[in-house]
Amino acid sequence: MVLFAAVMFAGTLAGFFLTYAFTIMPGLETTDDRTFVAAFQGLERMFGTFDYGYNWPVVLGFLGGPLVIVVAIALDRRRPIVWWLVAALVLSIATILITQSVNIPLNNEIKAAGDADMIEAVQVRADFRENWWRAWNLVRSATSVGAFVCLGWALFLHGNRMRN
C-alpha cells in the first residue's frame with residue numbers, strides 16, 4: 001500500500017506539471033501581456049498562496065511523495081526494487097529543488113507585481129522570463145515523470161515477487 005501511495009502521489013505531481021507544460025502555458029502564451037499577468041496571478045492564488053484553501057493533491061505530491069518513498073525504502077530493501085525507489089527519491093528531490101529555486105521565485109515576482117490593470121504588464125511579463133520558467137517546468141516535468149516511472153516499475157517488481 002505504501003508503494004502504491006507513492007506511485008499515486010508521483011503521478012499526481014507529474015500530471016500537474018505536464019498540464020502546465022502542455023496546456024496552461026501554451027494557452028497563456030497566446031494572450032496579451034495584461035491577460036497573461038492577470039491569469040498567472042490567478043493561478044498563483046489557487047496553487048501558490050492557498051488563499052482558497054490547500055491544494056491537497058499538489059501538496060501531497062510535492063511533500064508527501066518523497067516521505068512515502070523513504071518509508072517504502074525502509075520497508076523494502078530488496079534489490080532491485082530498492083534501487084528504483086532510490087532513483088525515484090532522487091528525481092523527486094530534484095523536482096522539489098527546481099521548483100523551489102526557479103519556478104517559485106518567478107511565480108512570487110509576478111504575484112507581487114500588483115493588479116494587472118494598474119501596472120506595466122509588458123515589463124512584468126518580460127521580467128517574469130516566461131521562456132525560462134517554461135524550460136525549467138519541462139525539466140521538473142521530466143524529473144517528476146521519471147519518479148513516477150521508477151515507482152511504477154518498483155511496484156511492478158514488487159507485485160511479481162508477491163506472485164512468485
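Since every read-out is calculated from the coordinates, none of them should be taken as a lab result. Just so we're clear, the structure is a prediction, and the values are computed from it rather than from any experiment. In this analysis, Cβ positions are derived from the backbone assuming ideal geometry, glycine residues included, and neighbour counts consider all displayed protein chains.
So the values come out like this:
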read-out: Options (1) 58, 31, 28; (2) 46, 42, 30; (3) 65, 28, 22 - which one matches Cα extents along the principal axes in Å as calculated here; value: (3)
read-out: Protection proxy ranking, peptides 37-44, 7-14, average beta carbon neighbours within 10 Å, highest first; value: 7-14, 37-44
read-out: Candidates per trypsin sites (Lys or Arg not before Pro) in the range 1-106, loop by DSSP, up to 16 other Cβ within 10 Å; value: Arg77, Arg78
read-out: Karplus-derived 3J(HN,Hα), 6.51/-1.76/1.60, for each residue of the range 32-38, Hz, glycine and proline x; value: 6, 4, 5, 5, 4, 4, 5
read-out: Burial order of peptide ranges 118-124, 17-23 (average beta-carbon count within 10 Å, highest first); value: 17-23, 118-124
read-out: Sequence-separation-based contact order of the chain, relative, with Cα cut under 8 Å and 6+ spacing, percent; value: 41 percent
